[in-house]
Amino acid sequence: MKPLLPWVLACCLAPLSLAAPAQTAWPDKPVTVVVPFPAGGATDAAARAMATQMQTALGQSFVVDNRPGATGTLGAGLVKRAAADGYTLMVASLAPYVVAPHLLKSVHYDALKDFDYLTVLVQAPNVLVAAPAKKARSVADVLAELRANPGKVSFASSGNGASDHLSAELFWQQTKTEGLHVPYKGGAPAINDLLGNQVDYSFQNVNAVLPQIRAGKLHAIAVTGARRSPVLPDTPTLAEAGVQGAEVYSWQGLAAPRGLPPAVLEKAAAAAAAAMRDPKVAARLTEQGLEIVANTPAEFAAFQAKEFARWKTLIQTRNITAD
């Protein structure tokens, strides 16, 4: 009977040896990258840059699928229900990951439990900008106006709970002032009314208003990042201007349905991070005002949990609603 043992062992181990390459062979068919927002925005741009580079590196199609609606939660719910096999990924901003769960009454996923977090692709600070007719050129000027006219100085945002809205709420909270929030249905109409002097100020994503700032149409007063933006080196941070605890970044991250095979998770995260660090991709995105992050799955998971708790506290403290 002893001579049969090697043959028996070989038969038992054969399925395992066949299964291992199947996981690491990902991707062997097209991958869908869901973007839960319309085409054309910063999230869509980051996703397409990533997908194009991953397609080149991995030799398989990466197809961006825009599924907008309900502050990104419709697309996120779709991804949550997809198979955890690496063939459905999602690139989204902080909205569905850490804001909408506290803002909307009905969200059909648990942002802390239903996704594997692979990497934060990019981030960008917001920038406090003044309408063309405003004379304010410093944070001190803005605070003086807010204190002289409590609740009357208008701040435009791209919508309730968007990072530009949350930046304003945090700014008012930290400076013990109060402005008038004017929400719009997207960043473009908010910027248009700002340019037309229909509203006074806004905390816009740097990449969204960089052309107007460079053209002298909007006045950059301060950025919300931990350090000055490379594309606005002469604009101070809020902290430099004396406002502490108001650091805000808009960010875009790659996630997947919870339960990816470890080898697939590791390979997808590494490929996405490498795509962002590609010199041509990084140069193009940096020129637009985006900052490359490309961190690890563990770093993204820890960051997401921290952001989730932070925005929950602000939204509850400031009584922010989706209406």
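The values are calculated or read from the model by the stated rules, or taken from the named source; none is laboratory data. Everything quoted here is computed from the prediction, not taken from an experiment. Because the Cβ atoms are built from the backbone with ideal geometry, glycine has one as well, and the counts that use them run over all protein chains shown. The area values use the complete protein model at the heavy-atom level, side chains included, leaving out ligands, DNA and RNA. Shrake-Rupley method; radii C 1.70, N 1.55, O 1.52, S 1.80 Å.
Within the range 133-179, all pairs of alpha-carbon atoms sorted by distance into 5 Å bins from zero give the percentages 5, 22, 29, 28, 14, 3. Percent of C-alpha pairs per 10 Å bin in the range 79-208, short distances first: 11, 37, 28, 16, 7, 1. The accessible area of LYS134, taken with all protein chains in place and a 1.4 Å probe, comes to roughly 40 Å². Direction-averaged projected area, Cα convex hull, the range 197-323: 10.6 nm², rounded to one decimal. Remark: the chain carries a charge dipole of roughly 80 debye about the Cα centre, counting +1 on each Lys and Arg Cβ and -1 on each Asp and Glu Cβ. Local charge for GLY159 was computed over the other residues whose Cβ lies under 15 Å away, with Lys and Arg +1 and Asp and Glu -1, and equals -3. The residues GLU169, GLU287, sorted by heavy-atom accessible surface at 1.4 Å with ligands and nucleic acids left out, run GLU287, GLU169 from largest to smallest.
Dividing the summed -39500 (n - 2.57) terms of all DSSP H runs of n ≥ 4 by the residue count of the chain sets its mean residue ellipticity at 222 nm at -13000 deg cm²/dmol.
Taking amide hydrogens as placed 1.01 Å from N in the peptide plane, the amide H of VAL34 sits under 5 Å from those of ASP65, LEU89, MET90, VAL91, each at least 5 positions away in sequence or on another chain. Think of the range 139-277 as a dipole: +1 on every Lys or Arg Cβ, -1 on every Asp or Glu Cβ, centred on the Cα centre; then among ALA140, ALA215, TRP251, TRP251 lies furthest on the positive end. Leaving out ligands, DNA and RNA, and with a 1.4 Å probe, what % of the accessible surface on the chain is carbon or sulfur? Carbon and sulfur together cover 57 percent of it. Distance distribution P(r), the range 136-277, all Cα-Cα pairs, bin width 5 angstrom from 0: 2, 9, 17, 20, 18, 12, 7, 7, 5, 3, 1, 0 percent. Between amide H atoms placed 1.01 Å from N, distances below 5 Å from GLN204 occur with VAL127, VAL129, all of them 5 or more places distant or on a separate chain.
When a/c reaches 1.5 or more, the comparison of a/b and b/c decides; with that in mind, is the range 147-201 rounded, prolate or oblate per its Cα gyration tensor? Oblate, since a/c reaches 1.5 and b/c is not below a/b. Charges were assigned to the Cβ only: +1 to each Lys and Arg, -1 to each Asp and Glu. The resulting dipole of the range 189-323 about its Cα centre is roughly 260 debye. In this structure, the residue pairs whose Cα-Cα separation is over 19 Å, taken from LYS113/LYS306; LYS152/LYS217; LYS176/LYS306; LYS176/LYS217, are LYS152/LYS217; LYS176/LYS306; LYS176/LYS217.
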